[in-house]
1. For residues that are more than 14 Å from the chain's Cα centre (by Cα) and open to solvent by 40 Å² or more (accessible area, probe 1.4 Å), tally how many sit in the stretch 11-26.
2. Six or more apart or on different chains, Cβ under 9 Å: which pairs go from a residue in the stretch 142-160 that's at positive phi to one that's of a type outside the set (S, T, N, Q) and open to solvent by less than 30 Å² (accessible area, probe 1.4 Å)? Could you list them?
3. Filter the stretch 86-107 for residues that are closer than 21 Å to Ala44 by Cα and part of a helix (DSSP H, G or I) and give the result.
4. Counting only residues that are free of Cβ contacts under 8 Å to residues at least 40 places away in the same chain and surrounded by 13 or more Cβ atoms within 10 Å (Cβ to Cβ), how many does the stretch 109-121 have?
5. Hey, any hits in the stretch 143-156 for a residue that's over 15 Å from the mean Cα position of the chain (by Cα), farther than 30 Å from Thr4 by Cα and hydrophobic (A, V, I, L, M, F, W, C)?
6. Restricting to the stretch 61-86, what's the tally of residues that are open to solvent by less than 10 Å² (accessible area, probe 1.4 Å) and either aliphatic (A, V, I, L, M) or closer than 20 Å to Leu157 by Cβ (or both)?
7. If I ask for residues that are closer than 14 Å to Ile156 by Cβ and either at pLDDT 95 or above or part of a loop (DSSP other than H, G, I, E, B) (or both), which ones from the stretch 26-57 would you list?
Amino acid sequence: MYQTIRSLLQSHDLEAISGAVASALERSDEAPLWKQKTLPYVRAILSVLLPLREQGLLFDPEGKPHGDLTPELFLRWCDLLSLKTLAFTLAKSNAEGMLVRTRHSSDQTAGYRPVDLEELGKYLASYSVNLEDEWLDFPITNYNLHIGITSLIAKILEGKH
């Protein structure tokens, strides 16, 4: 499963990747709560990472460029605070017409195409993440919930489910 997810992340679309994750969740013995919460989180993350992958503009939470969407990079964005920062980075990039806050060269970012933030925005808003002020915190209970979701995602990506 690990190799399958790795190859799906590198070249397939949202439906194929989320379908593989959904299949892994169905086979798992996790509590229904975790199964129910995981797929929307995965889809929200992929909704922005896949367009960046297609543009060759992937980066990690520190802004370092990455050539491929790997399970390891995906997990880096599973941190709720990092994902919130990504949403604000992409909103600013969309407004400026070029990718900002990364270490990609200006030559690379000049061809940036705006990323649709609707799915990610709805997801973050549903967990009380303020989308108007980047510096406002969200409830720690929501952060802790996402640590649990990320743990399950890591198991799936490692092929343990």
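1. Step one: list which residues in the stretch 11-26 are more than 14 Å from the chain's Cα centre (by Cα), which gives 11-12, 15-16, 19-20, 22-26.
If we keep only those that are open to solvent by 40 Å² or more (accessible area, probe 1.4 Å) as well, we get 11-12, 15, 23, 26.
Counting residues in the stretch 11-26 that are more than 14 Å from the chain's Cα centre (by Cα) and open to solvent by 40 Å² or more (accessible area, probe 1.4 Å) gives 5.
2. Close Cβ pairs satisfying both conditions: Gly159/Ile5; Gly159/Ala24.
3. Taking the stretch 86-107 as the starting set, the residues that turn out to be closer than 21 Å to Ala44 by Cα are 86-95, 99-102.
Hits for the stretch 86-107 are Leu86, Ala87, Phe88, Thr89, Leu90, Ala91, Lys92, Ser93, Asn94, Ala95.
4. Adding up the residues that qualify gives 2.
5. no
6. Number of matching residues: 9.
7. Going residue by residue through the stretch 26-57, those that are closer than 14 Å to Ile156 by Cβ are 26-30, 34-35, 37-39, 41-43, 45-46.
Of everything in the stretch 26-57, those that are closer than 14 Å to Ile156 by Cβ and either at pLDDT 95 or above or part of a loop (DSSP other than H, G, I, E, B) (or both) turn out to be Ser28, Asp29, Glu30, Lys37, Thr38, Leu39, Tyr41, Val42, Arg43, Ile45, Leu46.
Here's the yes/no breakdown for (1) within 19 Å of Leu73 (Cβ to Cβ); (2) hydroxyl-bearing (Ser, Thr, Tyr); (3) touching a residue at least 60 places away in the same chain (Cβ under 8 Å); (4) in contact with a Leu (Cβ under 6 Å, 6 or more places away or on another chain):
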{"site": "Ser7", "(1), (2), (3), (4)": "yes, yes, no, no"}
{"site": "Tyr41", "(1), (2), (3), (4)": "yes, yes, yes, no"}
{"site": "Glu54", "(1), (2), (3), (4)": "yes, no, no, no"}
{"site": "Leu58", "(1), (2), (3), (4)": "yes, no, no, yes"}
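The values are calculated or read from the model by the stated rules, or taken from the named source; none is laboratory data. In this text, all values refer to a predicted model and were calculated from it rather than measured experimentally. When we count neighbours, we look across all protein chains shown, and the Cβ atoms used for this are built from the backbone with ideal geometry, even at glycine. Calculation scope for accessible area: heavy atoms of the full protein, side chains included, ligands and nucleic acids excluded. Shrake-Rupley method; radii C 1.70, N 1.55, O 1.52, S 1.80 Å.
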